[in-house]
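Each remark here refers to the structure printed beneath this line.
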Amino acid sequence: MDELELLKAKWQEREQEFPAVSYKDIYKMILKKSSSIVKWIFVISIAEILFWIVLGLLTPETNKALIQNIGLQSILNVIYIFHYVIIAVFLVLFYLNWKNIQVTDTVKTLMRNILKTRKTVKYFVIYNVAGTALVLIFVNLYFYANKEELYSLISKGNEGYAALPPENFFPVLFVSFLVVGIVLIAFILVLYRIIYGILLKRLKYNYTELEKMEE
């Protein structure tokens, strides 16, 4: 039994004797727990962005050269700028959600802020998963539209692909990209499910407890 459950039990036992004080204590505990959860959402989102930035910096030089030579780099730069602007907006929203919860002074306001935070996280997850899928689809379509040039560039530095007839090259490459894309999206979904899913469940629990207090 955690600290909140102990407070609830104590409140229920003595609510006739000390109703106002007990109610206030439980509210403060829920406020503290909710603020901590939202702070972790903010911190984890920053860590996630740093992880993807570092991962991008570790991209092999051969891959960077391929993207540059086929003319995809300038397009990806625009996508990256747009992406990080959107991510910056989400980070600001996460920060504001955290600060708003810290200064909350009523049960209804706290409930409203919890709902707002849950919606922000859900939109953040949807954006990242959908955005990743759309970028992967776009890159595959771009490669298909430039498959002759792509074959020429890749076959020069890869004996395995060079041994393939041109007509078999793109199906093999497409299947490879498809598998990588599915694995990447599955990884993101599992990661979000584990990290953000747990935090959102805790926020939902706090919201439910606040609803009971309002009854």
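Quick check, is PHE170 modelled with pLDDT under 90 and surrounded by 16 or more Cβ atoms within 10 Å (Cβ to Cβ)? It is true that PHE170 is modelled with pLDDT under 90 and surrounded by 16 or more Cβ atoms within 10 Å (Cβ to Cβ).
Per-residue answers, yes or no, for (1) outside any helix (DSSP H, G or I); (2) among the hydroxyl-bearing types (Ser, Thr, Tyr); (3) in contact (Cβ under 8 Å) with a residue 24 or more places away in the chain:
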| residue | (1), (2), (3) |
| --- | --- |
| VAL183 | no, no, no |
| ALA186 | no, no, no |
| ILE195 | no, no, yes |
| THR208 | no, yes, no |
| LYS212 | no, no, no |
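When region 58-81 is filtered for residues that are closer than 22 Å to LYS156 by Cα and among the small types (Gly, Ala, Ser), the ones remaining, listed by number, are ALA65, GLY71.
Among the residues that make up region 18-35, is at least one of them buried (at least 18 other Cβ atoms within 10 Å of the Cβ), closer than 18 Å to LEU184 by Cβ and either at pLDDT 85 or above or not polar (S, T, N, Q) (or both)? The answer is no; no qualifying residue exists. Could you please let me know if ILE53 is surrounded by fewer than 16 Cβ atoms within 10 Å (Cβ to Cβ), under 16 Å from the mean Cα position of the chain (by Cα) and closer than 29 Å to GLU149 by Cα? So ILE53 passes the test. Checking each residue in region 190-212 for being of a type outside the set (Lys, Arg) and under 16 Å from LYS32 (Cα atoms) picks out LEU199, LEU200, LEU203, TYR205, ASN206, TYR207, THR208, GLU209, LEU210.
A residue that is in contact (Cβ under 8 Å) with a residue 60 or more places away in the chain, in a helix (DSSP H, G or I) and over 26 Å from the mean Cα position of the chain (by Cα) occurs somewhere in region 157-180. Of note, ILE81 satisfies the criterion of being of a type in the set (Val, Ile, Thr), surrounded by fewer than 11 Cβ atoms within 10 Å (Cβ to Cβ), within 20 Å of the chain's Cα centre (by Cα) and under 23 Å from LEU141 (Cβ atoms). Considering region 138-165, and only residues there that are under 21 Å from ILE75 (Cβ atoms) and exposed (fewer than 12 other Cβ atoms within 10 Å of the Cβ), the residue that is modelled with the lowest pLDDT turns out to be GLU148. Pairs meeting the criteria (first residue in region 88-101 and within 16 Å of LYS122 (Cβ to Cβ), second residue assigned to a helix (DSSP H, G or I) and of a type in the set (A, V, I, L, M, F, W, C), beta carbons under 6 Å, at least 6 apart or on different chains) are PHE90/PHE124; PHE94/ILE41; PHE94/PHE42; ASN97/VAL38.
The values are calculated or read from the model by the stated rules, or taken from the named source; none is laboratory data. Everything quoted here is computed from the prediction, not taken from an experiment. Neighbour counts run over all protein chains shown; Cβ positions are idealised from the backbone, glycine included.
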